[in-house]
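Report on the following structure.
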Amino acid sequence: MVQAYDVIIIGSGPAAMAAAFPLAEATKRVAVIEGNRFGGTCPNFGCDPKKMLYTRSEAAWQAGKLRGTGIEGTISFNWEDAMKEKNTYTDSVYQEIEQSLKKANIDTYHGYASFINEETVQVDHITLSATTFIIATGLMPSPLPFKGAETLLTNEAFLNLPSLPKSIAFIGGGYISFEFAHLAARAGANVHIIDSGHRGLKAFDQDHVQALIKQSEALGITFHWNEEISSIESNAHDVTIKTDKQTLTVDKAVHGAGRTPNIKKLNLEAANIHYDEAGIHVNNTLQSISNPRVYAAGDVTATHSLPLTPLSSHEGSVVVHNILEGQKQTLQQGAMPSVVFTIPKLAKVGKTKELLDQEGIAYDVKNTTMTDWLTYSMIKEDQALAKVYVCKKTGKILGADFLTIYADQWINLLSLAIQLELTTEQLTSVHYTYPSVLGDSGNVLPIK
């Protein structure tokens, strides 16, 4: 017997959740299919548990910086205890998410969906049909071209290690490796990052990245740039990594070398859904270009969107509008802030210097060292840096980069300014509390 629905959503991350509840409220019969834990990567083995661990490492860092200035004793980041606290959240959040779906009269299915034809999918031995499908399966670790790559720990496995190994290597120089490396190093591990290129965190301001690398090295993280891995050999005791320059043996090794759309098991060909390695091909309303029954949202699409939770949620909302209202809303990404949760944090929003130069936009830039300002000197931060780009003609803020423990606060403010097309004059006319982080706003903006 085939179960029929108005909408079937494959995946249950932020894009799926943003779609499921409004569709159910609109009296659509909705089903959600999930092959792992409900809620997807972010609450289970991504941003939420990572931030729970980060918060504790940050507290230990701050206490250490202030020792002898009114703070006494030794505070350390204990991985085992932090993991137990993290598990109080992750052990139940997926169940709570599934229950919230059921309370909204949304049917849930456990298993991996595979298309049979354009209007039917199979989940284990159950066959489901729908008028409309939303594919929101997110990302998975990218395949790597060397022997033994399949033995690397994933982000999920790393964030579930009950105890931290004494030595650990992260493959790749992106945000996953940097964030996890900082957590591991601050918990006392001997940490390595290996990348085949000559620089890391390529999407971020490279002056700030180099400053972050220097602080990471001071923490004890060893970087191996321009090294091609030929093989990885794992056994019960350790992992041996062979590159074109050396052989490195560590206790564990983690895949941090990028993620790719999670579409391998969907059998998209059977449903005439066009895709490539970048993801599912959609138009600007997020509808499949080859099968009008299908929409895709979040990281699984070939829109080249940033892999960020708020953007995935926004795409889910766009899909809902177009299903209910009939293809009227297009995807407008706007300025999307991005933060690397290291200590210090690295953040960016808007246009980079390279993009401004490429587009021929005349701009002013203010490159600021904030380290000696009271906000940063009183917490003993080693370095606090800012760059803000402003249009010469209009005075509107075009982009910003920050490297400081408070980078997330700064980048949210500058993201708001860019999205609302505010000028520096308008932003500095706002009254802020003092002394506070954002109370220094007038000092980081280029003002004529």
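The values are calculated or read from the model by the stated rules, or taken from the named source; none is laboratory data. Keep in mind that what you see is a predicted model, and the values were worked out from it rather than measured. Quick reminder, even Gly has a Cβ in these numbers, built from the backbone with ideal geometry, and neighbours come from all protein chains shown.
Quick one: which strands (runs of 3 or more DSSP E) lie wholly within segment 91-173 and hold at least 2 residues that are closer than 26 Å to Val254 by Cβ?
Numbers: elements: 107-110, 113-117, 120-123, 126-135, 139-141, 167-171.
Output list reads 139-141, 167-171.
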Residues (assigned to a loop (DSSP other than H, G, I, E, B) and either loosely packed, with under 14 Cβ neighbours inside 10 Å or not assigned by TED's automatic domain parsing to the domain that holds Val300 (or both)) located in segment 34-75: Gly68, Thr69, Gly70, Glu72, Gly73, Thr74
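Kindly indicate the residue of segment 174-203 that is in a loop (DSSP other than H, G, I, E, B) and under 17 Å from the mean Cα position of the chain (by Cα) and also surrounded by the fewest Cβ atoms within 10 Å (Cβ to Cβ) among those meeting that condition. Steps first, please.
Here is the first cut: in segment 174-203, the ones in a loop (DSSP other than H, G, I, E, B) are 174, 187-189, 195-203.
Narrowing further to those that are under 17 Å from the mean Cα position of the chain (by Cα): 174, 200-203.
Details: Gly174: 20, Gly200: 23, Leu201: 21, Lys202: 10, Ala203: 12.
Out of the qualifying residues, it is Lys202.
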Filtered residue count, segment 224-242, keeping only those that are in contact with a strand residue (DSSP E or B) (Cβ under 6 Å, 6 or more places away or on another chain), more than 12 Å from Phe146 (Cβ to Cβ) and surrounded by fewer than 17 Cβ atoms within 10 Å (Cβ to Cβ): 2
Where Thr249 falls short, out of the listed (1) on the phi > 0 side of the Ramachandran plot; (2) more than 24 Å from the chain's Cα centre (by Cα); (3) not aromatic (Phe, Trp, Tyr): (1)
Which listed residue is farther than 30 Å from Asn283 by Cα and either buried (at least 21 other Cβ atoms within 10 Å of the Cβ) or touching a residue at least 40 places away in the same chain (Cβ under 8 Å) (or both), from Thr369, Thr352, Thr375, Thr394: Thr375
Subset of segment 257-278 (residues that are crowded, with 21+ Cβ neighbours inside 10 Å and touching a Leu at 6+ places or on another chain (Cβ under 9 Å)): Ala257, Pro261, Asn262, Ile273, Tyr275
Unique residue being out of contact with any Asp or Glu (no Cβ under 7 Å at 6 or more places or on another chain), assigned by TED's automatic domain parsing to the domain that holds Ala362 and modelled with pLDDT under 95 when the list is Leu427, Leu414: Leu427
Check on Ala20, part of a helix (DSSP H, G or I) and under 23 Å from Ala271 (Cβ atoms): yes
For Gln333: the one exception among (1) in contact with a helix residue (DSSP H, G or I) (Cβ under 8 Å, 6 or more places away or on another chain); (2) in the same structural domain as Thr428 (by TED's automatic domain parsing); (3) surrounded by fewer than 17 Cβ atoms within 10 Å (Cβ to Cβ); (4) not hydroxyl-bearing (Ser, Thr, Tyr): (2)
Subset of segment 27-61 (residues that are among the charged types (D, E, K, R) and closer than 24 Å to Asn105 by Cα): Lys28, Arg29, Glu34, Arg37
